[in-house]
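Single-structure report; data block below.
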Amino acid sequence: MPGRTAAARRRPPRWIVMTVLVGLLAAAVLAALCGGAYRIAPGEAVGALFRGATGDFVQDQARNVMLQIRLPRIVLGMLVGAGFGAAGAALQALFRNPLADPGLIGVASGAALGAAGVIVLGGVLLPAALAASLGLWMLPVAAFAGALGVTALVYRLAAGRGRLALPLLLLAGIAINAVSGAAIGLLTYLANDTQLRTLTFWTLGSLGGAQWSMLAVIVWPVALGIVALALQCRSLNALLLGEAEALHLGVAVQSVKRRVMIACALCVGALVASSGMIGFIGLIAPHIVRLVVGPDPRAVLPAAALFGAILTLLADLIARTWVAPAELPLGILTALLGAPFFLMLLWQRRGQFGL
Amino acid sequence: MTRCATLTAGAWLGSLLPMALAHAAPAASTTNATKDGPKRVIVAGGALTEIVYALGAQSRVIANDLTSLYPEAASKLPKIGYLRTLSAEGVLSLHPDLLLAGAEAGPPNVLSQIEAAGVPVQHFRHGYTAELVRENIRGVANALKIGDDGTRVAARFTAEWMQVRDTVETRYGIARRPRVLFILGHTGNQVMVAGQDTAADAMLAYAGAENALRGFSGYRALSAEAAVAAQPDVLLTTTTGPSPVDPAASLLAQPGLANTPAGRAGRVVSFDALYLLGFGPRLPQAVADLAKRVHAV
């Protein structure tokens, strides 16, 4: 195909793309460190990270804000972006469909169901002693359990005799999303005023809850998930040719599908549990980088992880500075940034649908 | 085509970034709490804001939350957002030396982050009683180190409260208690009504009226048939600011509500939401007004 080779020729070498992305990520981290509602001069901001306690109230407070509030938030932002970006890239390759998204296999709605369940029924169903010992962890734990539970159910429906039927997975995902939606609706109906508001704001997503203790826990499932996805890149590339072709190339197709599913559930479940629903990163980050590096998952996945992190950091920077001293929910901004872009992509792809 | 898309995306993001960074400016100076009491106070909670004004300490307040709507001057102060979704950095960016956090303020980890950054946070309890209002008056006054003013305002509140309780008891005590249905929000296709453990339920009890719907707690969506079955004598609702719709007309347009005794007689009472349900220092007046209105119609 001459058009394809011409497109390939126009593509910059991968190492340049990666270097640019790493550079952009560093710049985004720096911008996120310097910008924020709490005004710290950019020079001061980085210095405050490495300075010990001085005993001066103003300087120590600035240092506290940097170390205890801004930095964990930036780390969580990078994890969220990288995790959603990588999961989106892997699922789009697996389904050979650019519209695939981590939400498709039920992870996000499962997490939302778990969170809604504990917000509304937590006080009734859980023994008080257990609730007290879990404390602030109750919500993320329930959301994570919900994400894994629902994904397992979807997986169970679509798998059998050592095979995983992707169309069935997709349909089961849609059906389970509808069931979760109805269950969340029922919980919304049962919720009192306070619970309803908690639920709403959880659904909108925010990185505001970032704490080192929480990050120390979620970094493991997320890193494990991203690494597991990265290890499947070669097989996913072969899968782009089609399942039968990949099988002939020596790819263990069924175990690749299974591993991608589990890795996505692990990483997206942990992320949704800690930050609520943050949409569109998993959908648009792989899309944008694919336009630059081409369809090969070996390039798309790492680039999407980096670009997702950049997008999330910038969106969060806007979320916490635009209406300061108040704060916008991040989920609104990622949708605000992502949806118009997505519509533009759809417009460009009209040709593929015979329009 | 693809390059065009990438460039457009870049421009899209690029145009938003300066907007975000525009807020990053050099550090502001901070004043520490002095022995005269905190000077840079942030209030999260409409009732607490009213208490601060009743204490005459409003000059110390530098910002408050979106529910602080009364008195009018309070609504013009810088806002830290909705009190349930505070931002730690946002609050700290104003360099407060005290945060008065109402019972609903949160999320909890944000409050603990603010405390960890060296800003004292005064927490207040949740509840709908006059005792709690008095306790909050004392609590705010002590936090601001104006205990004498607190004693004075709390005493005045107590006196007003006793008088209102007496009036309600003597004037309406023997009369039949009117059955009142409290309706939250009067637009949309379903009415939300108040059960037990709500500010509205407590207010009705204080005003010598009966909540027409008991047996559940919080606010619930109510069907038209259940509204008719509750047989309310009076419909009570709230307004927030000037509304283009007459609350009585929109309530009576709802199916069911028009067929209740209250609906047939057109007995609809409405109050400002913060005044009726705020449980601030205006509680005695609110109870007196509510009693007068629900017993008169």
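What are the pairs with Cβ atoms under 9 angstrom where one residue, in segment A:188-215, is within 14 Å of residue A:278 (Cα to Cα) and modelled with pLDDT under 85 and the other, located anywhere, is assigned to a helix (DSSP H, G or I) and open to solvent by 60 Å² or more (accessible area, probe 1.4 Å)? Sequence gap at least six, or different chains.
From residues that are within 14 Å of residue A:278 (Cα to Cα) and modelled with pLDDT under 85, the pairs are A:209/A:136.
Being assigned by TED's automatic domain parsing to the domain that holds residue B:193, surrounded by fewer than 22 Cβ atoms within 10 Å (Cβ to Cβ) and out of contact with any Asp or Glu (no Cβ under 7 Å at 6 or more places or on another chain) narrows it down to one of B:266, B:256, so name that one.
B:266 is the lone residue from the list that is assigned by TED's automatic domain parsing to the domain that holds residue B:193, surrounded by fewer than 22 Cβ atoms within 10 Å (Cβ to Cβ) and out of contact with any Asp or Glu (no Cβ under 7 Å at 6 or more places or on another chain).
Let me confirm something: among B:245, B:228, which residue is surrounded by 15 or more Cβ atoms within 10 Å (Cβ to Cβ) and not assigned by TED's automatic domain parsing to the domain that holds residue B:149?
B:228
Tell me whether segment B:66-73 contains one or more residues that are at pLDDT below 95, more than 14 Å from chain A (Cβ to nearest Cβ), open to solvent by 40 Å² or more (accessible area, probe 1.4 Å) and in a loop (DSSP other than H, G, I, E, B).
Yes - at least one qualifying residue is present in segment B:66-73.
I'd like to know if segment B:99-108 contains one or more residues that are part of a helix (DSSP H, G or I), under 23 Å from residue A:199 (Cα atoms) and modelled with pLDDT under 90.
There is at least one residue in segment B:99-108 that is part of a helix (DSSP H, G or I), under 23 Å from residue A:199 (Cα atoms) and modelled with pLDDT under 90.
When only residues in segment A:207-227 that are small (Gly, Ala, Ser) and within 12 Å of chain B (Cβ to nearest Cβ) count, which is least open to solvent (accessible area, probe 1.4 Å)?
Per the criteria, the residue is A:210.
Which count do you get for residues in segment B:106-153 that are among the β-branched types (Val, Ile, Thr), touching a residue at least 40 places away in the same chain (Cβ under 8 Å) and within 28 Å of residue B:197 (Cα to Cα)? Give the steps one after another, and end with the answer.
Step one: of segment B:106-153, the residues among the β-branched types (Val, Ile, Thr) are B:110, B:114, B:119, B:121, B:129, B:133, B:137, B:140, B:146, B:151, B:153.
With the extra rule that they be touching a residue at least 40 places away in the same chain (Cβ under 8 Å), the set shrinks to B:129, B:133, B:137, B:140, B:146, B:153.
Of the ones still in play, those that are also within 28 Å of residue B:197 (Cα to Cα) are B:129, B:133, B:137, B:140, B:153.
Final tally of qualifying residues: 5.
Residue A:193 is checked against (1) over 23 Å from the mean Cα position of the chain (by Cα); (2) open to solvent by less than 30 Å² (accessible area, probe 1.4 Å); (3) closer than 30 Å to residue B:103 by Cα and fails just one. What number does that condition carry?
(2)
Could you go through segment B:136-145 and let me know if any residue there is among the basic types (Lys, Arg), over 25 Å from residue A:199 (Cβ atoms) and surrounded by fewer than 15 Cβ atoms within 10 Å (Cβ to Cβ).
No.
I'd like to know if segment A:267-286 contains one or more residues that are open to solvent by 50 Å² or more (accessible area, probe 1.4 Å), under 24 Å from residue A:29 (Cβ atoms) and part of a helix (DSSP H, G or I).
No, because not a single residue in segment A:267-286 is open to solvent by 50 Å² or more (accessible area, probe 1.4 Å), under 24 Å from residue A:29 (Cβ atoms) and part of a helix (DSSP H, G or I).
Mind checking which residues of segment A:130-162 are modelled with pLDDT of 80 or more and not hydrophobic (A, V, I, L, M, F, W, C)?
Hits for segment A:130-162 are A:140, A:146, A:149, A:151, A:155, A:156, A:160, A:161.
Could you list all residues from segment B:84-112 that are open to solvent by less than 20 Å² (accessible area, probe 1.4 Å), more than 18 Å from residue B:41 (Cβ to Cβ) and facing another protein chain (nearest Cβ under 8 Å)?
B:89
Can you confirm whether segment B:204-220 contains a residue that is open to solvent by less than 40 Å² (accessible area, probe 1.4 Å), farther than 20 Å from residue B:178 by Cα and not in a strand (DSSP E or B)?
yes
Give A:231, A:204 a once-over and let me know the one that is of a type outside the set (D, E, K, R), under 18 Å from the mean Cα position of the chain (by Cα) and surrounded by fewer than 21 Cβ atoms within 10 Å (Cβ to Cβ). Step through it out loud before you land on a result.
Numbers: A:231 fails: under 18 Å from the mean Cα position of the chain (by Cα).
Residue meeting the stated conditions: A:204.
Could you name every one of the helices (runs of 4 or more DSSP H) located completely within segment A:1-96 that has at least 3 residues being free of Cβ contacts under 8 Å to residues at least 40 places away in the same chain and within 28 Å of residue A:283 (Cα to Cα)?
A:2-10, A:14-34
I'd like the full set of residues that are farther than 13 Å from residue A:86 by Cβ and crowded, with 24+ Cβ neighbours inside 10 Å, limited to segment A:294-310.
Within segment A:294-310, A:310 is the sole residue that qualifies.
Residues of segment A:317-351 being within 11 Å of chain B (Cβ to nearest Cβ) and of a type in the set (Val, Ile, Thr), which ones?
Initial filter on segment A:317-351 (within 11 Å of chain B (Cβ to nearest Cβ)): A:317-329, A:333, A:336-338, A:340-342, A:344-345, A:347-349, A:351.
Within segment A:317-351, A:318, A:321, A:323 qualify.
The values are calculated or read from the model by the stated rules, or taken from the named source; none is laboratory data. Every value quoted in this text rests on a predicted model; they were computed, and no experiment measured them. Positions of Cβ are generated from backbone atoms using ideal geometry, with glycine treated the same way; all protein chains shown enter the neighbour counts. Ligands, DNA and RNA are excluded from the accessible area calculation, which covers all protein heavy atoms including side chains. Shrake-Rupley method; radii C 1.70, N 1.55, O 1.52, S 1.80 Å.
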